[in-house]
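To start, the structure under review is shown below, and the notes come after it.
The values are calculated or read from the model by the stated rules, or taken from the named source; none is laboratory data. Remember, it's a predicted structure, so these values are computed and weren't measured experimentally. Positions of Cβ are generated from backbone atoms using ideal geometry, with glycine treated the same way; all protein chains shown enter the neighbour counts. Note: areas computed on protein heavy atoms with side chains; ligands, DNA, RNA excluded. Shrake-Rupley method; radii C 1.70, N 1.55, O 1.52, S 1.80 Å.
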Amino acid sequence: MILQFPDLQTLQLALTSGTISTETAISPAKVAWAVDGSIWVDAEMKLSAASKNQLRSWGVTGRRSAAKAGSKLQDVRCWPQMIPVTREAKIQQTGDKTPVLFELPDESQLPDVVNEILRQGNDRQSFRTVVGDGDAGSRVLLRVLGPPYYSLLRALERRDDAADGIKAFVERSARVWIQVGYCHPLAVSIKPAAGQHLLIEPSGWRTLKEEPFRDVYEVLDFQLPSETHELKNTDDELQLAVPVGLVRGGSDDVAELFVLKKNAIEQLEQFVRSSSDEVIERLSFVVSQGGGQGSEDTTVVIRIRPGRTKPPVLVFDGVAYRRYLNISNLFVPIGLRVHPPLRRDAVKHMLAADDGLIVWVEPDVPEDVPQVSTSTPFAPCFVNDSAFRPLAQWVDYIIDRDANAMTAWKAAHQFDFEGFVCRDDQARTSTSKKSKKTAEKKSTTRKLSGKKSAGEASSSKETDSDSDGEPEDDLKSFKPPRKFKKTQDPTDAQYAEMQKQLKVLESEFLAADVALDDPSREPMWTQMAEANRAVSQFVDAGICHQHEIWEQQIPNVEALRAWFETEVDAARHTKTKLLPSSEGIVADSNLAKLLKTVAPSTNQVAQLASFVAWGCQNPTAADVIRSKQVAIQNFLEKHEGFLSVRTCWLAWSALANLSGDVLTLARVRDRMLNRLYQQGLTADRDLPSFLRMSGSQSGDRFRAVRGKVTELHDHVREWCRSNLVDASPLTLDYVDLIFSYAFARLGESSLSRKTLLAAGERLKRNSDDVHEWLHDAFEYRIKQSVGGQQASGPFPDALLERLDAIPKLARYKVDRLRQHSTILEPHEQLDPYRAWRRKNLNDLQNELSELFDVFSRSELLDRLKALFKRKLDPDNKARLITTALELSTRLGEKFAIKMLGYVVSADGKLSDTLLRASLLEKGLHISAHYDQAEFAHACLERMHKLIDGQGKADVATLEALESLLSRSFSGLRKLGMREEIATLLDRMTKQVRPTKAKAIEPERMRVLLQLAGGWFYFGQDRGWKDIDAARSVLLSTKLTSEGHVGAKKQTDLAVAYIRAVGQAPLNDAVDRLFELFDKLRGIHDSATVNTHYSLKQLDIVDALVQTIVSDSFTMNKESQRWLDDEEFLIRRRIHRDVRQMMP
Amino acid sequence: MTKPIPKEDWAFDELKEQADDLRQKINLFRTSLGRFFVQKQELIDLMCVAAIAQEPLLLVGPPGTAKSDLVLKFRDAIDIPEEDYFEYMLTRFTEPSEIIGPIDINQLRDGRYIRREKGKLPTARLAFLDEIFKSNSAILNILLTIINEKKFYQDGQPQPVSLRVLFAATNEIPEQAELGALKDRFVLKAVSGSVQDEHFSDLIDAGMRSEVYRTLNQKPWKEGHCTLDDFLKAGRYMTYLFSQQTADGETSRDRATFFPEDVFREFERLIKTLVREDRIFVSDRKLVKLYKLFRVRAWLFSGGTVSHDDLRLLMYLGETHQEMELLATKIPQLLGQ
């Protein structure tokens, strides 16, 4: 049959609309292009009546002969070949992974092109030589992945000179290559025959037999000089003794330690007389007899304590020392440095290995030779860190003259000062003495971090009250004057002044070397709250008020009122509806209106919470609250997600106190603890901005991280692409999804959305259940993050229902990623094999894994009870208890305590280290979560025993230890168990580190990496050696050459490495991560799931992203510690309140 | 009164005869001057190329990296008369009168707004403006006109300036848009970096020698190898070559003769790559000027056709520190050098 198409567009329409069937379209045909632009097609075809009508309506006519076409019929392989290629207006950018085929007409051109591309860092080149039909010589096909644009231009410049120029083809669909610079509208639909590639160019179509390409490295020769000199090791052990001394250098640094020997005490007295209290506050000192170098005189060592502001410049007649190489406890004289220059860790090891000692090095120079000209020997001197006492505690300011009482001339104005009680001189003296005593007592305590942790503070507080037995009323009744009454419409100058004062307060707060819950901080919170309110920073003001109240046994009504007023001010500022009327009274009607609001704003909920907290202490307001208590409770419960944990608790505890409803409070406690367990604290809601940004510019750090992530994304994609091997290329889209989550967490919502959309488009193209479900699951988590929520909790019902409908094997592929991805399942670990295990009804593990899918509290309890009634062997019993503990945050304190009671006895019967580690870790975590000190200590004790018994740990044990560590660190430090972690780290280090120098197995290395990460948290970098060792293994082929097992080991090691490096200082961490993804090779997946994704690679990317979005990466250590302390204090008060209310 | 601009109307035939001699003199000059610096030969070469092409050159670098010293020694070495040289360090308080001369009060009484430009920028043939980007907008406008159009305004009337060679220096490259126009006038922007890391002892030795010369008021670099006129003659000669057409009158004979097809294509590829991959803006004006600079460099270095090596000049196209750093590594990498 011959058809005459009026024009090319009609032919194209007929092909794309399916009017010409696919069978016809892919069969050979003859075509003639007439002068009038019509196309005559002669082909065997069967057309349905509908198709014929359709073609007729488009002006296509049937012909008996092609004689009238005016040109000769030509053979084409298929119909799409009739449509010519068109030139692209703009050359499309080829991606990093896009394969491009260069066709070099002459073999001699190959070295030039290959070298040029190699020069630009691309070695993903392979080639083959082909001989075309009728060609005089052979041609070379060079296949390059993501060639540089510069080299691609070679092909473009010769585009019209097809005979001898280089051509480039880009693969537009599988095995269909189109010349660069051209496009074919049907390229995607063309399917070449099996074993063939199709090359499409303006001059026509060509086929190419599929044959392997040779890697360019196979033909590259790197010629070395003929002579080689082999160096051989001698057997002699060489020991070089290098004297270490001091030489000149480093004179620009600021002095942070002074050692006074001449008239030391007199100098100190003279100094305190002439210095401001602000400077004195920054200093601590120690007095000793015989300060080094054989001297018998009194020596005073003065140390400037670290603070937010620069150290003050002090002048003493003594030796000034600076901190050396940023080692916190090592000081060298200003203008000198250690020679020969040694690495930081070597210096620390040699001179200041004990962190509890402050070490300074005294040059051994006679007094009449002040200048150190050559390397001079020195003597290290040290003093216990705890011996330093705050200088301010030893200074009493006294006024020589009596104060003259002044009488007011006229009571024209009354200042709004709070009443305060001033302690008399006697009391002050006794307190001063008390401080001295306390300082002496405290000096015996060794601290890990610079500041005291909240837990330490509480113990020291107890010691204080015990030691002197004085009532604390004096302290409580002291109220700072509320200076910061907001001026109506302050001028710029006034505003600037207020801000300045706020900054001073914040600096004082940060400089104070006391714990976060120390009573001395309470007036600071008050002042900062007022100051923030004065400069319209209402969120910070609210948070400060909450802190002010938080530790008070009996809440200060005035502070509660101020908090409520702050929230009202905030509402006024944001033009939100106010709860009180213009007269400042919260009327029934206003409250009722608010409680009926369906979608209240955050500010409205905060107003209500603060009103409740204050109102419950105020008789009039309490009546109003009582009358609407049920509605208020419902409203708060419904909208408490808007509030910080602290705000929620203050409101709920006030309500519970008002009504005496312990049960409600206990339920709120369970909700709050579960929230802390699932989400932790959010810095934005719980810390005032100056604490979030404390230390070395946390905001800058966050911005720096955000800037690097985009760059890292490209590196990771490239790494993933070049290591795919047999795995699905759609793995890259999963990488994009994971990074989309990272972008969302880092506040780059538009970039996150863009990345998500692009990946989604590609993943959904194939209509595959696995891809579609996983994409939707990631999308759900990403949207949670974009919306500012914590990306956790169960997936929506609709999504889970879809999952149930997925066939078993596909479901396995979904669950496998869910099991591994900490983004999809941040808290619970799935068992992807459960569908297969179901066949065995007695399989306990199967039943346990199913419990995670039960969301009804009562059903969960019933099922657990039923399981406990069964007779189980010790291993299974331990598994059951571990699972029950894991689920106990959903089931409440009573259940958790019951489960904790089983832990120790179950552990005693176990021999499997993995099970023991898992059980004890969970027991420790849950006991800390529910403030069960006894159980926590019991678990810890068992844990120490477990560790101590692992001297020659095997692989399984090491893996158990690693899992124990990885889960313990992050959780326990938020529970105020920092000391416990430190001890755990220390013991673990001793056990795991091999005593003899031998090759460390990867499992041990992973544990050491976990330990290294843990030490970074404490500001100690003793883990670098282990990190470096792991790095050298990762960047070699040592493990990957062992096949699949090796690849798995390499993956696990890479994950551990990323996590450890993520705890290091930011710049080091970023450099290491970039390096890893540039050089890590050989990780690929050959598991069942690789039809959809490469699991090993996604494991690494998941670890990377969780590391870079974690608080430890985006926040500096100081802010992190504030947040950890916060969480501890919040938990402590919650438990305390409930306990106090319990009958 | 404006100083008459020296005649530079040398005929092509006359210059053609001298061309080889000029080239040798300038080459001797540039290599001799290089002896007095440590690792600054590339900058001196650039100064020579810029001087022949009469294109302004911007030297960028932190204080103490010999930027001013390069220009001062260059000036001494060509032995330029005092009245033909102008040098000034600009600040944001610099007034136009400091650059183009104060208003002539006597003339102002007669209602004429005339500047006494003697000894200032308009009368100089070689100028050095230090910290050029520190200048204020009034100065900027004057400089733009002088650099671009080689003229300035006296009582509202444009007057040609004598300026032929302009070197400028800056510590930092500003990002402000208002300075973009001035920045764009400098096709070549070269970094004068510190050399102490790799040439520590050489630097100390050369520095001490320089100190001695300064103290003893000696100028051994003043060797009389060539003069400013030699540079101007070379420039004039190149202009004559550029103006020659092929028989069809459409293609420049200069390009056909001196710019081999493969090098030209490489030039095109390099530019396209920089524009596309690194978003480096290369204006049409710059492209043309680049062509001229390649030709001048090729003539000076080899007397013949443009080679791949001459394309190295693209390293100096960067507008920001980042671009400069990038080009310094990328261009040699692309060229395989």
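So here's what we get for this one:
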{"read-out": "Helices (runs of 4 or more DSSP H) contained in region A:614-689 and holding at least 3 residues more than 29 Å from A:Lys922 (Cα to Cα)", "value": "A:619-627, A:629-639, A:645-659"}
{"read-out": "First in region B:263-285 and facing another protein chain (nearest Cβ under 7 Å), second anywhere and not aromatic (Phe, Trp, Tyr), Cβ under 6 Å, 6 or more apart", "value": "B:Arg265/A:Glu157; B:Arg269/A:Leu153; B:Lys272/A:Leu153"}
{"read-out": "Qualifying residues in region B:317-335 (those that are part of a helix (DSSP H, G or I), open to solvent by less than 20 Å² (accessible area, probe 1.4 Å) and away from chain A (no Cβ under 14 Å)) - the one farthest from B:Ile271 (Cα to Cα)", "value": "B:Met324"}
{"read-out": "From the options B:Leu300, B:Leu314, residue that is within 14 Å of chain A (Cβ to nearest Cβ) and open to solvent by less than 60 Å² (accessible area, probe 1.4 Å)", "value": "B:Leu314"}
{"read-out": "Lone qualifier among A:Ala744, A:Ala759 - being hydrophobic (A, V, I, L, M, F, W, C), modelled with pLDDT of 80 or more and touching an Asp or Glu at 6+ places or on another chain (Cβ under 6 Å)", "value": "A:Ala759"}
{"read-out": "Check on B:Asn171, more than 25 Å from the chain's Cα centre (by Cα) and not basic (Lys, Arg)", "value": "no"}
{"read-out": "Search result, residues across region A:1078-1111 that are among the small types (Gly, Ala, Ser) and within 14 Å of the chain's Cα centre (by Cα)", "value": "A:Ala1103, A:Ser1110"}
{"read-out": "Single residue of B:Glu55, B:Glu42, B:Glu14 found to be closer than 24 Å to B:Tyr240 by Cα and surrounded by fewer than 18 Cβ atoms within 10 Å (Cβ to Cβ)", "value": "B:Glu14"}
{"read-out": "Failed criterion for B:Leu290 (all others in (1) out of contact with any Phe, Trp or Tyr (no Cβ under 7 Å at 6 or more places or on another chain); (2) assigned to a helix (DSSP H, G or I); (3) open to solvent by less than 10 Å² (accessible area, probe 1.4 Å); (4) within 14 Å of chain A (Cβ to nearest Cβ) hold)", "value": "(4)"}
{"read-out": "Helices (runs of 4 or more DSSP H) (entirely within region A:10-119) containing at least 2 residues that are at pLDDT below 85 and within 14 Å of chain B (Cβ to nearest Cβ)", "value": "A:109-119"}
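The rows are residues; the columns are (1) surrounded by fewer than 20 Cβ atoms within 10 Å (Cβ to Cβ); (2) at pLDDT 85 or above; (3) over 18 Å from A:Thr731 (Cα atoms).
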{"site": "A:Leu1076", "(1), (2), (3)": "no, yes, yes"}
{"site": "A:Ser1086", "(1), (2), (3)": "yes, no, no"}
{"site": "A:Val1089", "(1), (2), (3)": "no, no, no"}
{"site": "A:Ser1094", "(1), (2), (3)": "no, yes, no"}
{"site": "A:Ile1100", "(1), (2), (3)": "no, yes, no"}
{"site": "A:Arg1121", "(1), (2), (3)": "no, no, yes"}
